[in-house]
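Student: To start, I am sharing the structure in question, which I have written as structure tokens.
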Amino acid sequence: MNTQNRKAPPPLTNNQKIFVLGCGWIANELATANQLLSDMPSTDEMQPEQFRCDPDVRHLLQDRKHIKLMARQDKMAVFAANQAIHQAGLDTNTLEKHTGLYFTVGTVPFEQSPLNSLCDNSSDQGKFSMNRFANKAMPALNPLLTFKCLPNMPAYHVSYNMGIRGPYQINYPGPGQWFQSLQQAINDLQQHKIKVAIVGAVADQINPLVRHHVKRLNIDNNNQHLLIDSASILVLSAQDATTPLASLDEISIHYQSFNPLQAPPESFNTSRMLNADAGAVDPGLFIALTLEKKNQGQYSVVIKSTDRINASLRLSIP
Amino acid sequence: MTTTLKQVAVTGLGVVCPLGNNVEKMMTALFALESGTSKVTHFDASPLSVNIAAEVKQFPRKQADIKLDFALSAAAQAMQQAVTHPLSRNERTQLAIGIGLELFSMPDLVKAHSNNKTLEQLLAVMPWHERLSFINTPSDLAAHMISHEYQMTLAPEIHISACAASTDAIGRAFEAIRYDRADFILAGGTDSMINPMGMGGFARIGALSQCNDSPEAASRPFDIKRNGFVLGEGAGFMAMESVEHAQSRGAKILALISGYGNSLDAFRISDPRPDGTGALSAMQRALKSANMAANQLSAISAHGTGTEKNDVAETTAIRDLLADRADHVPVFASKSMLGHLIAASGVVETIAVIQSLQQQHLHATLNLEQIDPHCQLNHVTKNSQTLQLDHILKNSFGFGGKNACLIASHYKP
């Protein structure tokens, strides 16, 4: 790691502390808090599809007709955001311009059914045909599908339904970038650009395209790798609340550059805090589950991701 | 505790775009009012309802995903201009990149589907390098390839805020240097959606101009006859560092980035707020960050897509921002010639802004023959203009209500 001589980021001082006011999370009901933290069933017994998450969020929408524009990751993000904002005791009518949104989106999925339809209707004797694609495959697709596969849509649905109009940062695609989102939120809070920061991530991973991407950078090549769908959101403030859920004491992010076109060194292994791979949501989900237990103390959140980002966070639960 | 904010300098520029594959060629074409739009040649687009686009020309493809080639070339140009001696490994160096939607290669997918094999089954027997290029989607690879090439020491930032992505990459880089969180950042973006899925998808929702018979006249921001944008492609990067850092290395300072602001519309999924308040908010935040008033702006580089709603909303926002100067501050739209480079549009148009500040010369908006009455501003039309340029505002507005604005300033040593 070539970070030894560089200026280290200063630890958060007392008057710059960041407080967690609310948190929300969602995963498939098979991935309960206890299972994710300590008691996940053997992956041999589970089918990947069992960890798909598709919450009904119609009651949370400003306009119920928007449900037809929403992919599963959009719904998961709105569900978790609503839970977190509610727990923080905030009113979505007052968030507006003093609230920032810092959001990490996992590898972008594409639904299996339209993917099959596209392939079937574009194929001519096993080869791609532009004529069939233009005249048969595209007309067969629902045009609203465009809105379901854009990576910035989860952030859109959260901002629209929660009334957030402040600054934002939307990044991609893994847990290292979640730490970068968190760091940016902390910066904006400490510079008084905002009063409240919504920091979250969503990962729709029960999907063949996502599995492909996970495998292309998955050094372990581990077939036991249990991917789950999930979202998590934290509500942060630099102002001490009467009963904050936790405070963030220190954050650090380190990186070792690498050539992704070369096979990675065998010695590099990823590490995971949960008994399943929640992708970009991993660190936020771990924090949400830890906060749910309400056990006082200091906790470390550490990731070592496939894209060579090592990051850690220390939080205290009062 | 008071923090001394650093001035942020731009010391290197690199571009691959439909008007040329370096900065000089792009600027020559912009000042000459040349269109980059023509019939699509990358694939047979004739069966689609739209078969024109602003393609990058005469550019050798090395990777399966051409976005990677664009990014590597533009990054190399910017680094070559900015860094004559290698940066110290002890410095905090970083890449900030805006990328677009990851689209898959239809031929690859059809091949897999026709063999009745799942992707996992196909990938299991493939060598590593083929796995990476089998599906034409690894946009995040560009971040790590460039970071590795220049031995960046901080984790790359990968922004996905649609058409505002590379503007956000530059803006966040500006803040990181300003607040002394980084020493040197290569910021920009890369994108290409000129492929069957990209063009088919945009055409399906009616966002693209259908002027197939007159490609050069298709992109016409703020014109009464505008009917959608023209898809473009390319990449751009800017080397950014503090003025004192640049001076200590003996690097030439090309311009300053003085302000950045962004905002969320929280409105409709595909339309901007008609009253322009989302865009206005981002512009005001950029001015506040620059500690500047609207009357200090010399010109505005518009987002100017040529779609009906965007151009009206942007006009409303600019008029509210400039108030009684709205009929005097020159406004120009680079997309009239470049097309819409989506995630890379912000950086490539910002590079044009920096060149305008250096040359004290603005290019005109092509095809702006009759200004829409709802888009009345002091548009630069027909001929480029020479004038005193101190500060130029650059707007970028993305699908899903992401608004990002930068202020670039003339550097006077």
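The values are calculated or read from the model by the stated rules, or taken from the named source; none is laboratory data. Computed from a prediction, not measured in an experiment: that's the story for all the values here. No Cβ is skipped: glycine too gets one built from the backbone with ideal geometry, and neighbour counts run over all protein chains shown.
Student: If I filter the range A:138-156 for residues that are within 9 Å of chain B (Cβ to nearest Cβ), out of contact with any Phe, Trp or Tyr (no Cβ under 9 Å at 6 or more places or on another chain), in a helix (DSSP H, G or I) and crowded, with 24+ Cβ neighbours inside 10 Å, do I get at least one hit?
Tutor: No, that holds for no residue.
Student: Within the range A:258-272, can one find any residue that is of a type outside the set (Ser, Thr, Tyr), at pLDDT below 95, more than 19 Å from the chain's Cα centre (by Cα) and not in a loop (DSSP other than H, G, I, E, B)?
Tutor: Scanning the range A:258-272, I find no residue that is of a type outside the set (Ser, Thr, Tyr), at pLDDT below 95, more than 19 Å from the chain's Cα centre (by Cα) and not in a loop (DSSP other than H, G, I, E, B), so the answer is no.
Student: Just checking: which of the strands (runs of 3 or more DSSP E) contained wholly in the range B:28-114 hold 2 or more residues that are farther than 30 Å from residue B:242 by Cβ and in contact with a strand residue (DSSP E or B) (Cβ under 7 Å, 6 or more places away or on another chain)?
Tutor: In the range B:28-114, the matching strands (runs of 3 or more DSSP E) lie at B:37-39, B:52-54.
Student: Can you tell me how many residues within the range B:361-383 are hydroxyl-bearing (Ser, Thr, Tyr) and within 21 Å of the chain's Cα centre (by Cα)?
Tutor: The qualifying residues number 1.
Residues checked against (1) without any contact (Cβ under 8 Å) to a residue 24 or more places away in the chain; (2) more than 25 Å from residue A:129 (Cβ to Cβ); (3) more than 16 Å from the chain's Cα centre (by Cα):
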site: B:17; (1), (2), (3): no, yes, no
site: B:24; (1), (2), (3): yes, yes, yes
site: B:36; (1), (2), (3): no, yes, no
site: B:54; (1), (2), (3): no, yes, no
site: B:74; (1), (2), (3): no, yes, no
site: B:83; (1), (2), (3): no, yes, yes
site: B:91; (1), (2), (3): no, yes, yes
site: B:97; (1), (2), (3): no, yes, no
site: B:107; (1), (2), (3): yes, no, yes
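Student: Does residue B:256 satisfy the condition of being surrounded by fewer than 24 Cβ atoms within 10 Å (Cβ to Cβ), hydrophobic (A, V, I, L, M, F, W, C), away from chain A (no Cβ under 13 Å) and within 20 Å of the chain's Cα centre (by Cα)?
Tutor: yes
Student: Shifting gears a bit: Tell me the residue from B:216, B:175 that is at pLDDT 95 or above and either within 12 Å of chain A (Cβ to nearest Cβ) or assigned to a strand (DSSP E or B) (or both), please.
Tutor: Matching residue, one of B:216, B:175: B:175.
Student: Give the number of residues within the range B:146-157 that are under 19 Å from residue A:175 (Cα atoms) and either part of a helix (DSSP H, G or I) or more than 7 Å from every other protein chain (Cβ to nearest Cβ) (or both).
Tutor: Count: 2.
Student: Kindly establish whether residue B:358 is of a type outside the set (Val, Ile, Thr), touching a residue at least 60 places away in the same chain (Cβ under 8 Å) and surrounded by fewer than 24 Cβ atoms within 10 Å (Cβ to Cβ).
Tutor: yes
Residues checked against (1) more than 26 Å from residue A:307 (Cβ to Cβ); (2) surrounded by 15 or more Cβ atoms within 10 Å (Cβ to Cβ); (3) in contact with a Leu (Cβ under 9 Å, 6 or more places away or on another chain); (4) among the hydrophobic types (A, V, I, L, M, F, W, C):
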position: A:87; (1), (2), (3), (4): yes, yes, yes, no
position: A:115; (1), (2), (3), (4): no, yes, yes, yes
position: A:119; (1), (2), (3), (4): yes, yes, yes, yes
position: A:125; (1), (2), (3), (4): yes, no, no, no
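Student: Another question, then. Which number in (1) of a type outside the set (Ser, Thr, Tyr); (2) assigned to a loop (DSSP other than H, G, I, E, B); (3) in contact with a helix residue (DSSP H, G or I) (Cβ under 6 Å, 6 or more places away or on another chain); (4) at pLDDT below 95 marks the one condition that residue B:206 misses?
Tutor: (3)
Student: From the list A:95, A:90, A:69, exactly one residue is at the interface with another protein chain (Cβ under 7 Å from one of its Cβ atoms) and either within 30 Å of residue B:282 (Cβ to Cβ) or at pLDDT below 90 (or both). Which is it?
Tutor: A:69
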